[in-house]
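Visitor: Sharing a structure with you now.
The values are calculated or read from the model by the stated rules, or taken from the named source; none is laboratory data. Keep in mind that this is a model prediction, so the values were computed, not measured. Cβ: placed from backbone, ideal geometry, glycine included. Neighbour counts: every protein chain shown. Accessible surface is based on the protein model in full, side chains and every heavy atom, while ligands, DNA and RNA are left aside. Shrake-Rupley method; radii C 1.70, N 1.55, O 1.52, S 1.80 Å.
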Amino acid sequence: MFDTFRNAWKIPELRKKILYTLMILIIFRLGCVITVPYINPEALTLFATAGGAGMLDYLNMMSGGALSQCAIFALSVQPYINASIIIQLLTVAIPALERMSKEGEEGRRKLTRITRYTGAGFAVAMSIGYYMILRNQMQAVAYTSGWEGVLAGIVIVLSFTAGAQLITWLGEQIDANGIGNGISLLIFAGIISRWSDVITATRSLLTRAANGEPKYYVFLPLIAILALVVIMFVVVLTNAERRIPVQYAKRVVGRKMYGGQASHIPLKVNMSGVMPVIFASMLASIPGLIGSFIQVKSPFWVSFFRVFNYRSFLYAVVLFVLIIAFNYFYVAIQYNPVEIANNLRKNNGAIPGIRPGKPTSDFITKSLSKITFIGAIFLGIVAILPIILGNLTGTNIQLGGTSLLIVVGVALDTGRSMESYMLMRHHKGFLE
């Protein structure tokens, strides 16, 4: 990947795209440290630790610390991701949206516009929730009564909402003028910026080991080895694919003969990348997030919301199931076996031993289902294994699996985007 980046830097057009992407990421990080108006700075330290084992701690990690800073980018990309989940699910359920998705470029623009509006609605709702936490639980708002309190509330809510919309726009600018997936890169930058906490956590474990808990001398190298093994398997799984052989029949056009060559259909084991992990994590965090927004006194509801924090066993089960479900969902909307079988028949191609038409599409569907299942199970295990180990060992590594999957997956996706661009620009020699 580093060789790819170095060689990509030699291409002027690609170098401009890389610099543009870096500029957007710098703007994103600046927005993560600019505090919204009417917030008491003394309360930020309390707010930084208020999440504890709750979902505010998880959202703070995903936002790159912007939430604990009460920054304008505190919502990060969560409103847009939640809106994307809703719209994509409704596209399957509502015929009008399904037809819109099949209208080509114009239909996709309409769906993108609908997603933006839905994301703005989520941003307003979440901004109000964060404001209520800042005002009622953290006492972090400078003015809470009279017209001053009304103005402070409006400004804070609008600042959070505008920040969420600006992040969405920045991600779209990376998609249009930069390199890689914009939203994924913003999440990547947020997680990377928080990895200094790894040093703090390591020091904490060493301190606990020195204070009479020698088991942490064993847990620490085991966690490091586990992280390296996860990175290795993520790289292997991302690059792994099954190649279905295809044989094209010879045909004569005029005096020339075409076809007759052998090819293959590549089926990626991890075809949907890290998006199922991102979407599943966001969706699984909603109950815990609601519990953070509202104050409940009923023992039942207190226990219910506590069950959905990211350290609980039920959260791990829900996350595992959602990752598998979203993996199948994304493969289903991105890969059409019937269309592939029809294209093969139109081009006089066939899979050896499989008849053209429906048998071919059934064979591709069956093969795709097996490959998708393997990739989904792996992603789910990597995401929940730190939760299980963290609860067993008493170490705070529950968010490590999700963050590691996102970081490694986005890095690999960005590297492949550079390689694809260089191949398109006839610079294949740079990759060798």
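Visitor: Using the Karplus equation 6.51 cos²θ - 1.76 cosθ + 1.60 (θ = phi - 60°), what ³J(HN,Hα) coupling, rounded to whole Hz, does each residue of the range 388-393 give in order, writing x for Gly and Pro?
Guide: My calculation for the range 388-393 gives 5, 5, x, 5, 6, 9 Hz in order.
Visitor: Computing the accessible area with a 1.4 Å probe over protein heavy atoms, can you report the carbon and sulfur percentage for the chain? Provide the component values of the computation, followed by the final result.
Guide: Values: 14280 of 22060 Å².
Its accessible area is 65 percent carbon and sulfur atoms.
Visitor: In addition: With the chain treated as a Gaussian network of Cα nodes joined by springs under 10 Å, which of ALA227, ALA142, ALA210 yields the largest mean-square fluctuation?
Guide: Maximum among the listed residues: ALA210.
Visitor: Compute the signed sum of charges (Lys and Arg +1, Asp and Glu -1) over the other residues within less than 10 Å, Cβ to Cβ, of LYS268.
Guide: Values: positive: ARG242; negative: GLU241.
That works out to 0.
Visitor: Rounding to the nearest 10 and keeping the result within 0 to 90°, find how far the Cα-based axis of helix 313-334 lies from the longest principal axis of the chain.
Guide: 30
Visitor: Looking at this model, which pairs from LYS16/LYS268; LYS102/LYS346; LYS110/LYS366; LYS10/LYS110 are more than 28 angstrom apart at the alpha-carbon?
Guide: On the way: LYS16/LYS268 30 Å; LYS102/LYS346 21 Å; LYS110/LYS366 33 Å; LYS10/LYS110 37 Å.
Over 28 Å apart, Cα to Cα: LYS16/LYS268; LYS110/LYS366; LYS10/LYS110.
Visitor: Determine how large the accessible area of ASP362 is when every protein chain is in place; take a 1.4 Å probe and give Å² rounded to the nearest 10.
Guide: 70
Visitor: Additional query: Can you give me the solvent accessible area of THR168 with a 1.4 Å probe, rounded to the nearest 10 Å²?
Guide: So the heavy atoms of THR168 present about 10 Å² to solvent.
Visitor: Determine ³J(HN,Hα), in whole Hz, for all residues of the range 179-194 in sequence, where each value follows from phi through the Karplus function 6.51 cos²θ - 1.76 cosθ + 1.60 and θ = phi - 60°; x replaces Gly and Pro.
Guide: 10, x, 8, x, 4, 5, 5, 5, 5, 4, 5, x, 5, 4, 5, 9
Visitor: Write down the accessible area per residue of the range 69-217 in Å², having rolled a 1.4 Å probe over the full set of protein chains. If you can, show how the numbers build up before the last one.
Guide: Values: 7290 Å² over 149 residues.
Heavy-atom accessible area per residue stands at 49 Å².
Visitor: Here's something else I'd like to know. Taking springs between alpha-carbon atoms closer than 10 angstrom, which of ILE351, ILE278, ILE133 fluctuates most in the Gaussian network model of the chain?
Guide: Answer for the Gaussian network model of the chain: ILE351.
Visitor: Then there's this: Looking only at GLN247, GLN173, GLN139, which one moves most when the chain is put into a Gaussian network model with springs between Cα atoms under 10 Å?
Guide: GLN247
Visitor: Rank-order 92-98, 216-222, 179-185 by packing density, defined as the average count of other C-beta atoms within 10 Å over each peptide's residues, highest first. Please list the in-between numbers first.
Guide: Numbers: 92-98: 11.7, 216-222: 14.4, 179-185: 22.4.
Ranking, from highest mean packing down: 179-185, 216-222, 92-98.
Visitor: From zero outward in steps of 10 Å, how is the percent of C-alpha pairs of the chain spread across the bins?
Guide: Cα pair-distance distribution for the chain, in percent: 4, 18, 27, 26, 15, 7, 3, 1, 0.
Visitor: Ok, one more. Could you run the Karplus curve 6.51 cos²θ - 1.76 cosθ + 1.60 with θ = phi - 60° over the range 376-382 and give me ³J(HN,Hα) per residue in whole Hz, x for Gly and Pro?
Guide: Coupling constants for the range 376-382: 5, 4, 4, 4, x, 5, 5 Hz.
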